[in-house]
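These notes are about the structure you will find just below.
The values are calculated or read from the model by the stated rules, or taken from the named source; none is laboratory data. Worth saying up front: this structure is predicted, and the values here are computed from it rather than measured. In this analysis, Cβ positions are derived from the backbone assuming ideal geometry, glycine residues included, and neighbour counts consider all displayed protein chains.
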Amino acid sequence: MNFGVGQQTVTLVLLSFTWICSVLRKHPRSIYAHDAKWCMFAYWLAAAAQQVSFIRLDNNEELYFGATPWFQYGNAVQCVALGWTLYLLRMRIMGIRSSLEQTCCATTGSHIWILVMCCSLYIRYAFATVDTVPLIVVSVSVLCTVWITYTALTCKRLALKLNMLLQETRRVRGPPRKQAIWAAQIIGMEILICTMLGLTMCCYGVVSAMWVHALLLYHTTKSEATVLLIMSRDKLVVLVNHIDWVVNSLGLGLLSGILWQGRPPDDSAELRYALSRGLSSMTSFLSPMEQDVYDNVVKQLANRGFRLGALLNFWERLLDGQMMPGFDPRRSLTNDVVRRAIIPESRVGDAGCALATLWSSRGSTAQVMVTHNWNNVFGNLVSAILADALGRSAHQEIAVQISTTSGLQQVRAKLSGKLETTYWVCAFSINQHASICAGFGPEPLQWTPEWAAWDRRRKDSVTGEAFLPCSCRVEKVFSNTDARSELNKFDDMMTHLALDVVGFSQLIVLDDAFEVLFRAWCVAEIFEASVLGMESRIQVSSQDVVDRNYDRLSLLDVRQCTASSQADKEMIMAKISNVEVFNWKIQQLVFSEELGLFAQWVDGNERSRQVGRIVRRCAMSAESTADRPVSTSRGCCPSLCVLTTSSGDSDESSEGELATEASDSFSSSS
């Protein structure tokens, strides 16, 4: 078999294999993946056309293959495939940049460069004669220079992002580290493919120069030897060109997500066991008699759910302004409503009870437990509950609607089938008269941050008026070691309801500052719900809020969380068997939705947006750490530029170290 036909056959087989594998791979519908498949088919079509051309050459030695129509057809298809490949690669770069939210250059410039490269390639083949050597030199030089520059700049910028991600893997742990590792894998693959594209084009430029040299020799010495040299150099150019086709086709299959999908690394079996351990119950520290009292209080708390309709009625009374003068649906905090509405409304003579008890005299078990922060706007809490009932993922629109009476009625009409759903919210379900109604806790040292926070809790956040203490005669129980306390049993109550109520779930209402994840009790509730296997749903205002708080979330540590009192925090810490594992689990819960998304199949374009978002978080983290703005690099050709940034050094942590620490802790405790 002739060498040309043989290597052409190998090329055709490799392209066929790549294309068939891509077609047979099942995945969700994707325009980007669809275009990538057709582009791979274009390379196969060009190879098939040239295969026919080589067969004709074997049958007719007098024909110079450059004049063969089939070969010209293959060249034209190759030019289209080249432009298509560059366009798909450009879409990936633009996907990363759009997620980075930087100023993107106009796509017209990049399209012009793509057109220049395609035209240069076509000119090189269409005018491949001795008389057009200068034109061939110019076209090949333009093609190779622009292509190599493009891939080199792309690799450089991607390498900077890879370095940033690798630094992030040493700085953070848990799911944020998984995300950084995953993004680094994706970018590493892109660098490898871009490097291969650049190397094949370099080789093409070198062998093209050798072919031009042979043409010049023929121009000066027209002999049979120079003709054979031209033929051999021409076949070498074709060989390198075919290698380039295979690399491009395989690169398209990998970059499009058809042939390769990077996934976040899995936890080790040892770590998964560690994460399955819940909080330690306080009953283990009590006597048998105290345990009975403790269990009775847990059952009472579990029976203080309230209907969604009752919450709507309460909100409507707040809007009227009679129950709480000065109430502002957009500004009043949950702490304000508890002090000025819930506590007065739940007082009965000299006694008092939980407001949920008054709403349902016979008691009601909750179907949904709400975890929230008292420093959040009360309207956000209510709108988040309503949005969850309506099946929405965000509550901004609901918050605007329920701020007026007419809007509230519209929302109520939509909730006609959900008004009997029962919820458990500490503000309504805890008997505030048995704990906080008469005071605000011991006064900290004046003019300290603790005193400032304590002072804020004593005043209405809207009017600035000081709250009036309740004068009821209900005995106050604050001690966390007292079995009668209602303030230290949220986790045990959750366990009770999870076993008693089918489909018992948790709703986490996140404020824009994500303070709920830095409140010790809230974090403990979230962790316990996960261990119990409860469905946890999150209500957040927007994804941008998550990105802005990424650095705090990635370094979340329960030891830095706050509580209403130091005793509460110490009690919660005593329930945690291993703090490092606890931190890991909380991060896993916060980022679980994203990790689940990253594990699903998406096309290369969407994958680039996901990677760009992670890089953007790392850039924001580096900016806040270094206290300097993120720099961008723009060269003389804006359409070839990609955002660059740097990051500082960081401490290293690993999942293996955490799992080992957890194992040592559990073995010592048992």
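Cβ-Cβ distances below 7 Å connect the following pairs, each with a first residue in the range 87-116 that is of a type in the set (Gly, Ala, Ser), a second residue that is modelled with pLDDT of 75 or more, and a separation of six or more residues or different chains: 110/90. Taking the criterion of being aliphatic (A, V, I, L, M), in a loop (DSSP other than H, G, I, E, B) and either within 24 Å of residue 523 (Cα to Cα) or at pLDDT 85 or above (or both), the only residue of the range 225-282 that qualifies is 279.
From 406, 461, which residue is touching an Asp or Glu at 6+ places or on another chain (Cβ under 6 Å), over 26 Å from residue 488 (Cβ atoms) and not hydrophobic (A, V, I, L, M, F, W, C)?
Selected residue: 461, the only one of 406, 461 that is touching an Asp or Glu at 6+ places or on another chain (Cβ under 6 Å), over 26 Å from residue 488 (Cβ atoms) and not hydrophobic (A, V, I, L, M, F, W, C).
Please verify whether residue 415 is free of Cβ contacts under 8 Å to residues at least 24 places away in the same chain and among the hydrophobic types (A, V, I, L, M, F, W, C), treating the condition exactly as stated. It is false that residue 415 is free of Cβ contacts under 8 Å to residues at least 24 places away in the same chain and among the hydrophobic types (A, V, I, L, M, F, W, C).
Does the range 358-376 include one or more residues that are buried (at least 20 other Cβ atoms within 10 Å of the Cβ) and within 17 Å of residue 403 (Cβ to Cβ)? Checked against the condition, which is being buried (at least 20 other Cβ atoms within 10 Å of the Cβ) and within 17 Å of residue 403 (Cβ to Cβ), the range 358-376 yields at least one hit. Looking only at residues of the range 422-441 that are polar (S, T, N, Q) and in contact with a Gly (Cβ under 9 Å, 6 or more places away or on another chain), we find that the one that is nearest to residue 466 (Cα to Cα) is 432. Checked against the criterion of being surrounded by fewer than 18 Cβ atoms within 10 Å (Cβ to Cβ) and either of a type in the set (S, T, N, Q) or modelled with pLDDT under 80 (or both), the candidates 220, 200 yield just one match: 220.
Between 336, 320, 292, the distinction of being modelled with pLDDT of 95 or more and farther than 22 Å from residue 369 by Cβ belongs to 336 only. Among the residues of this structure, residue 615 does not count as one that is at pLDDT below 75, under 16 Å from the mean Cα position of the chain (by Cα) and part of a loop (DSSP other than H, G, I, E, B).
Residues that are surrounded by 21 or more Cβ atoms within 10 Å (Cβ to Cβ) and among the charged types (D, E, K, R): which helices (runs of 4 or more DSSP H) entirely in the range 461-561 hold 1 or more of them?
Helices (runs of 4 or more DSSP H) meeting the threshold: 490-500, 520-531.
From the list 97, 92, 157, 124, which residue is more than 24 Å from residue 246 (Cα to Cα), modelled with pLDDT under 80, surrounded by 16 or more Cβ atoms within 10 Å (Cβ to Cβ) and of a type in the set (D, E, K, R)?
Details: 92 fails: more than 24 Å from residue 246 (Cα to Cα); 157 fails: modelled with pLDDT under 80; 124 fails: more than 24 Å from residue 246 (Cα to Cα).
Matching residue, one of 97, 92, 157, 124: 97.
Inside the range 359-406, residues that are part of a loop (DSSP other than H, G, I, E, B) and among the β-branched types (Val, Ile, Thr) make up a count of 3. If the condition is being closer than 12 Å to residue 256 by Cβ and either surrounded by fewer than 21 Cβ atoms within 10 Å (Cβ to Cβ) or at pLDDT 90 or above (or both), then the range 22-49 contributes 25, 27, 30, 31, 34, 35, 37, 38.
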